[in-house]
1. What does the helix-only formula give at 222 nm for the chain: each DSSP H stretch with n ≥ 4 adding -39500 (n - 2.57), the total divided by the residues, and the result rounded to the nearest 500 deg cm²/dmol?
2. Quick one: length gained pulling Glu152 to Ala399 fully straight, 0.36 nm per residue minus the C-alpha distance?
3. Dipole magnitude of the chain about its Cα centre, charges +1 at Lys/Arg Cβ and -1 at Asp/Glu Cβ only, in debye to the nearest 20?
4. Excluding Asp243 itself, what net charge comes from residues whose Cβ is under 13 Å from its Cβ, given Lys and Arg +1 and Asp and Glu -1?
5. Per residue of segment 43-53, what does 6.51 cos²θ - 1.76 cosθ + 1.60 with θ = phi - 60° give for ³J(HN,Hα)? Whole Hz please, x for Gly and Pro, Karplus curve as stated.
6. Could you tell me which of Leu375, Ala221, Tyr132 has its Cα farthest along the dipole of the chain towards the positive end, charges placed at Cβ (Lys, Arg +1; Asp, Glu -1), taken about the Cα centre?
7. Sorted by average packing, counted as other Cβ atoms within 10 angstrom per residue and highest first, what order do 195-207, 346-358 take?
8. Of Ser129, Ser338, Ser114, which has the largest mean-square fluctuation in a 10 Å C-alpha GNM of the chain?
Amino acid sequence: SPPPAVAEDKILISVEVCLKPSSTARTEDVKLAVERMLENRNLSYVDGPIDIPQDDTFLKDNVQRICICDTEERVTNHGILLFWQVKPLVHVFQLSEEGPCEDLDGDSQLSSFSEWMLPAKDFDGMWESLVYESGLKQRLLKYAASALLFTEKGVDPLLVSWNRIILLHGPPGTGKTSLCKALAQKLSIRFSSRYPHSQLVEVNAHSLFSKWFSESGKLVAKLFQKIQEMVEEDNTLVFVLIDEVESLAAARKAALSGSEPSDSIRVVNALLTQMDKLKSSPNVIILTTSNITAAIDIAFVDRADIKAYVGPPTLQARYEILRSCLQELLRTGILSTSQDDDNELILPNYASLKDKLTSATSQGSEYHLKIWNHLIEAAEACEGLSGRSLRKLPFLAHANGECDDLTKFLQTMINTINRERSEIPD
Ligand code: ADP
């Protein structure tokens, strides 16, 4: 039997527990029940869902799923985390089923922002679906967690300075907006004991400024009044997502060059002032995205503590994105394999693919080998495509025909990739 670990050696691992929509159980009770269950489980810890024991009727009745998270980075000995090395941190949450509440501007019926209660059903699974080179997601999560902790502990900002602004920049379609939403969702779950309520307000800077500037002024005022009201509730964590912040800089530049009414500069400045004011509230995290990779000249962006470049997916990320797409098509029965006993084919992840390709003899049939080779060929072929284009590929390939069997489908997909690539303007 393993040596008992001393408490301080233990590795903290998050365990997320999603309640059924119908559950009315107290989160504290569920948390205790899950902790008890984990104590009796005595298994290793890897990322992914775990089963609830059949005889645990309380958990069976109330819990939709239990997931272990973030183990991948912590793994020390031979890739396995054993139960006695781990101290689970259990987070219990219930998804809000309300969709976005859009704020329509009276006369024009144009929405200038949308608002979600978090954690929202709309964003469930988004974090897991985003694939980046190792560390990006964890880095963002840790950064935000530290920022919230500093605030929580009342660290004096005059002595140690930090802020709660994150800027993700990079080419369009690389998942920046989705990553911001997914991060907000994660944080709302991880910080639910400190902040029982979380809200996300999404502002599209471009649409805010593509209107008459006189109206923009009103919109900005209304928007921030609303945000201010949320922030005043000190048990609410507020995320403000500002997409395409470069349009603020563009609006200001246009105003300076005289091609826009000088009103616009006042609006941009008003927005920046409001943002600055908001920054001093402890329960706000500002998330911004920009499709411009060069420096953006905006005061508050300069002060963003984390500026992360989000680039086109690497080979490994492309492989994982395509794999998750194909696995979904297999799950839904849109694709099948020509081998009858093979209905539940699990496509290997990138790391185990390498093993499978090198030790083919022990790893099953020639048919499988063909699938793995096609898959990696497809991932190689789509170099330079964005994550957004990748997630559309299987659909386009399906529409292009020949798709009853997985191997044929992969062939069609490779042809589709080559066609897509030739249609991308340089
Ligand atoms: P951006 O804000 O960078 O333009 P979006 O967040 O709108 O990108 O991304 C569009 C969609 O593309 C996402 O919802 C996601 O499905 C897909 N996508 C983009 N990048 C990735 C990635 N790295 N991994 C997985 N999916 C991705």
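The values are calculated or read from the model by the stated rules, or taken from the named source; none is laboratory data. Quick caveat: nothing in here was measured; it's all calculated off a predicted structure. Cβ placement follows ideal geometry from the backbone for every residue including glycine, while neighbour counts extend to all protein chains displayed. Ligands, DNA and RNA are excluded from the accessible area calculation, which covers all protein heavy atoms including side chains. Shrake-Rupley method; radii C 1.70, N 1.55, O 1.52, S 1.80 Å.
1. Calculated from helices alone, the mean residue ellipticity at 222 nm is -13500 deg cm²/dmol.
2. Details: separation 247, 0.36 × 247 = 88.92 nm, distance 5.23 nm.
Additional length available on full extension: 83.7 nm.
3. Approximately 860 debye in magnitude.
4. Net charge in that neighbourhood comes out at -1.
5. Those phi angles translate into 10, 7, 10, 10, 4, x, x, 10, 7, 8, x Hz.
6. Ala221
7. Numbers: 195-207: 20.4, 346-358: 13.9.
In decreasing order of mean packing, 195-207, 346-358 become 195-207, 346-358.
8. Residue with maximal mean-square fluctuation among Ser129, Ser338, Ser114: Ser338.
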